[in-house]
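**Student:** Here it is: the structure, laid out below.
The values are calculated or read from the model by the stated rules, or taken from the named source; none is laboratory data. For clarity, every value in this text was computed on a predicted model and none was experimentally measured. Positions of Cβ are generated from backbone atoms using ideal geometry, with glycine treated the same way; all protein chains shown enter the neighbour counts.
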């Protein structure tokens, strides 16, 4: 079966950091798009980090940090981030926000 783009992860986050997606064993992943939707009537902020090999979170892992997101608004980023097996995308939001991650998993041997 060919590799196809798909939803890699979906989660609603409020407050503490949570893992949105972990690259499975024997896979590489190309992340194509990330969306963050503020589900509240108040503005908030969000963070997105990529933790190599699932390491403990450090400042160097953040690709977005304290990004403002107006009430009932959506942020979208399209890029081509390549991740290896066991890399983790971790997200957090100061208000209730929906995170969606899209991309393609490729089997490695």
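**Student:** Condition first: at pLDDT 95 or above and part of a loop (DSSP other than H, G, I, E, B). Can you find one or more residues in segment 1-13 that meet it?
**Tutor:** no
**Student:** Restricting to segment 33-44, name every residue that is surrounded by fewer than 17 Cβ atoms within 10 Å (Cβ to Cβ) and within 15 Å of the chain's Cα centre (by Cα).
**Tutor:** Matches in segment 33-44: 33, 35.
**Student:** Another question, then. I'm trying to understand the selection: among the residues of segment 34-54, which are closer than 14 Å to residue 83 by Cβ and assigned to a strand (DSSP E or B)?
**Tutor:** Within segment 34-54, 34, 48, 49, 50, 51 meet the criteria.
**Student:** Could you please find all residues in segment 74-95 being assigned to a strand (DSSP E or B), over 11 Å from the mean Cα position of the chain (by Cα) and crowded, with 19+ Cβ neighbours inside 10 Å?
**Tutor:** Within segment 74-95, 83, 93 qualify.
**Student:** Within segment 55-73, identify whether any single residue is in contact (Cβ under 8 Å) with a residue 60 or more places away in the chain, surrounded by 15 or more Cβ atoms within 10 Å (Cβ to Cβ), assigned to a strand (DSSP E or B) and in contact with a strand residue (DSSP E or B) (Cβ under 9 Å, 6 or more places away or on another chain), and answer yes or no.
**Tutor:** No, the conditions are met nowhere in segment 55-73.
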